[in-house]
Amino acid sequence: MLLLAIDTSGRNGSLALARGNTADSLEILELLPLAGRMYSAQLIPQLKIALDRHQLTKVDLEGFAVAAGPGSFTGLRVGLSTVKALADVLKKPIAAVSVLQAAARVTGAHGHVIVAVDAGRQLVFVGDYEINPDLTISSSREVLVPIGDFLNSVEGSAAFIASSDGVVLDSARQHGVKIHEIAAPQADTIARLGFEHLIAGRGITADLLEPNYLRPSDAELFSFPKQQR
C-alpha cells in the first residue's frame with residue numbers, strides 16, 4: 001500500500017509518503033515540512049515533490065492518513081479537506097488519527113500513559129491511555145480541561161506523563177509534576193498509526209471524515225488515584 005499522511009494540526013506541519021504491506025514493514029519514503037500559516041499554499045506542491053522523486057502520481061496512492069485533531073481549527077480544515085478531496089476522487093480509504101494518540105506513540109512507553117498538549121487560554125488537550133507492550137491501545141480517553149485541573153489531577157500519579165509543549169512542561173515542573181519532554185509527532189507517526197488502522201480494516205470513506213475538536217463540554221471528571229511513582 002502506498003500511503004499519504006498529512007499533519008496540519010499545529011503551528012508547523014508535515015507530509016509523509018510511505019509504503020508497506022504489514023505494520024512492521026512500513027517504510028517512510030518521504031517526510032517533508034509544511035510551514036505554519038502556509039499549509040494551503042504548500043501542501044499540493046510538496047505532495048508533487050514527494051511523488052515526483054519516486055516517479056509516482058496521485059493515482060498511485062492507495063490510502064490516506066490524516067491528523068484529525070485536536071488542534072488548530074484552520075490548520076485541521078486544510079489537511080482534512082485535502083485528504084477528503086483526494087480520497088473521494090480516488091475512492092481510497094482514510095485513517096483519521098488522533099494527534100494525542102500520535103503523541104502517546106512518540107513516547108514509546110506502555111502501561112498508563114498521559115500526554116498533554118497546550119490548547120491556549122489556560123486549557124490543555126489531554127490523552128489518557130492504557131498502552132499494551134506492542135504499543136496498541138487497550139483503552140483511551142481524550143478531554144479538554146483547564147491546565148490547573150490537569151496538574152492537580154496528575155500530581156503523584158504513577159502514569160508516564162509527557163508533553164512536547166513548553167507551556168505544559170514549564171507549568172508541570174513548577175507544580176512539581178514529573179513530566180517527560182517528547183518531540184512533537186510528525187506525519188511519519190501519523191502514517192504509522194494510520195497504516196495500522198487501514199490494514200486492520202478501520203478505514204473510513206471521505207464522506208465520514210470529520211475533525212476532532214475537543215470542547216470543554218466533552219470533559220468528564222478528570223482525576224487519577226494519588227499513587228507515588
Pair ASN21, ASN132: separation of 7 Å Cα→Cβ label points (nm)
2.3 nm
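Out of every Cα-Cα pair in the chain, what percent are more than 26 Å apart?
Values: 9226 of 26106 pairs.
It works out to 35 percent of all Cα pairs.
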Rg and Dmax of the range 1-53, using alpha carbons, in Å: what are they?
11.7, 35
The range 108-214: radius of gyration over Cα atoms, expressed as a fraction of 2.2 N^0.38 Å:
1.15
Ordering of 142-153, 170-181 by burial proxy (mean other Cβ atoms within 10 Å per residue, highest first)
142-153, 170-181
Portion, in percent, of the accessible area of the chain that falls on carbon or sulfur, probe 1.4 Å:
50 percent
Over 10 Å intervals from 0, what percent of Cα-Cα pairs in the range 59-121 sits in each interval?
19, 40, 29, 12, 0
Residue-normalised accessible area of the range 4-104, given per residue in Å² at a 1.4 Å probe
45 Å²
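Which three semi-axes in whole Å describe the equivalent ellipsoid of the range 1-91, each the square root of 5 times a Cα gyration tensor eigenvalue, listed largest first? Don't skip to the answer; put the middle values down first.
On the way: eigenvalues 84, 37, 34 Å².
The three semi-axes for the range 1-91 are 21, 14, 13 Å.
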Using label points projected 7 Å from each Cα along Cα→Cβ, tell me how many nm separate ALA158 and SER139, to one decimal.
1.4 nm
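The values are calculated or read from the model by the stated rules, or taken from the named source; none is laboratory data. Keep in mind that what you see is a predicted model, and the values were worked out from it rather than measured. Reconstructed Cβ throughout: ideal geometry from the backbone, glycine too, with neighbour counts over all protein chains shown. All accessible areas refer to the heavy atoms of the entire protein, side chains included, with ligands and DNA or RNA removed. Shrake-Rupley method; radii C 1.70, N 1.55, O 1.52, S 1.80 Å.
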